[in-house]
Amino acid sequence: MIGKEELKALYNNELKEKLSGLEGLRKNIKRNQIFAVLLFILTFILFVPVSAAFENNSFEALPFLVLAPLVILGIVLLVIAYIKKKKYRARFKNEVVSEIVKAIDPSWNYNANQCISNHEYNQSDIFRQSLDRYKGDDFISGTIDKTDFECSELHTEYKTVSTDDDGNKKETWHTVFKGLFFHADFNKEIKGKTYIEPDTAERLLGKFGQSLQKSQKGKLVKLENPEFEKIFAVFATDQTEARYILTPTIMEALVSIYKKYKRKMHLSFIGSRVYVAMSFKQDLFEPKIFKSGVKFDDVEFMYNLFLMNATIIQELNLNTRIWTKE
């Protein structure tokens, strides 16, 4: 597992050249997309004067025929850009992202187009909203010392359908979760269910917020770590087991992980697994189109995200087999 200095060396010796080699393709995609948009704007601007020029013409479709070549050319440029973008993405994943994963741990398996299964997502019981769309990518599986894990980017959504005053139906998509989803072996068969959620109530309303904290996932668990309780709220079906799981060390570790990534986190301890959902608004491992991709900061960002797997396992001390599965 490489450190930051080795990562910088990898970037300078290998990844920078590969990213530079992709710049021509990126600029070509960007150029095609911009030209296509400009053609559509030009068509819109010209439509009124062209229509006026042919106002007395009996053939009403003539303005459309005059402007059609601009629209067709714009569509062709977008199709070409789409095809090239797929090629660019595939090369970026294969030549850059996979190399970062391999540098962290050569034994990890990486699949750019696979994601955590819907079954595992449901097993976590973190998000109970029924879904209408489930997608993800950048799947990693492997082991760190004795602990197996899986991780991928996920975006889950549900839709609502509304009707306007004219009777037209409109679909609206709502995000349930978008970010990194992770699960790993917890060494022990857990009988109950323990959930850790962002504590927005106490953060906004202080101690009064505690009285508002309710969940269908069990009773609120009061713990003896003030810093932890400012960040998280814990609900469990078994209060004793929840305290058994959330030792002072694990609470400190979760505070440390939160401070490191500064992202909203949901966790659950169910069966023999720990599940972690870390929210992000942006796509995490996709190549840029409108900005140069030749930046060490972008490589370091991906490295830190993939390293989350090791960070969680090490911080939660999952490799220390103090428990045995029953």
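The values are calculated or read from the model by the stated rules, or taken from the named source; none is laboratory data. Owing to the predicted nature of the structure, the values given are computational and were not obtained by experimental measurement. Virtual Cβ from ideal backbone geometry, glycine too; neighbours counted across all protein chains shown.
So for the range 315-323 (the condition being crowded, with 16+ Cβ neighbours inside 10 Å, among the basic types (Lys, Arg), assigned to a loop (DSSP other than H, G, I, E, B) and at pLDDT below 90), does at least one residue qualify? No, because not a single residue in the range 315-323 is crowded, with 16+ Cβ neighbours inside 10 Å, among the basic types (Lys, Arg), assigned to a loop (DSSP other than H, G, I, E, B) and at pLDDT below 90.
Here the condition is being in the same structural domain as residue 269 (by TED's automatic domain parsing), among the polar types (S, T, N, Q) and at pLDDT 85 or above; of 200, 175, it holds for 175 alone. Restricting attention to the range 128-151, the residues that are assigned to a loop (DSSP other than H, G, I, E, B) and over 24 Å from residue 318 (Cα atoms) add up to 5. Filtering the range 254-277 to residues that are hydrophobic (A, V, I, L, M, F, W, C) and at pLDDT below 90 leaves only 257. Please tell me if residue 35 is of a type in the set (Phe, Trp, Tyr) and farther than 16 Å from residue 289 by Cα. So residue 35 does not fit the description; no. Here the condition is being under 17 Å from residue 93 (Cβ atoms), in the same structural domain as residue 73 (by TED's automatic domain parsing), part of a helix (DSSP H, G or I) and in contact with a Phe, Trp or Tyr (Cβ under 7 Å, 6 or more places away or on another chain); of 25, 7, it holds for 25 alone. When we screen 88, 121 for residues that are crowded, with 16+ Cβ neighbours inside 10 Å, out of contact with any Ser or Thr (no Cβ under 6 Å at 6 or more places or on another chain) and either in the same structural domain as residue 307 (by TED's automatic domain parsing) or in a loop (DSSP other than H, G, I, E, B) (or both), the only hit is 121. Residues of the range 229-262 that are in contact (Cβ under 8 Å) with a residue 60 or more places away in the chain and either surrounded by 17 or more Cβ atoms within 10 Å (Cβ to Cβ) or assigned to a strand (DSSP E or B) (or both): 250, 253, 254.
The set of residues in the range 276-292 being crowded, with 19+ Cβ neighbours inside 10 Å and either assigned to a loop (DSSP other than H, G, I, E, B) or polar (S, T, N, Q) (or both) consists of 285, 287. Is it true that residue 309 is farther than 26 Å from residue 216 by Cα and surrounded by fewer than 17 Cβ atoms within 10 Å (Cβ to Cβ)? Spelling it out, it is not the case that residue 309 is farther than 26 Å from residue 216 by Cα and surrounded by fewer than 17 Cβ atoms within 10 Å (Cβ to Cβ). Evaluate the following for residue 157: is it over 18 Å from residue 308 (Cβ atoms), part of a strand (DSSP E or B) and out of contact with any Pro (no Cβ under 7 Å at 6 or more places or on another chain)? When the stated conditions are applied, residue 157 passes them. Taking the stated definitions as given, is residue 134 farther than 30 Å from residue 17 by Cβ, surrounded by 14 or more Cβ atoms within 10 Å (Cβ to Cβ) and in contact (Cβ under 8 Å) with a residue 40 or more places away in the chain? Criteria not met by residue 134.
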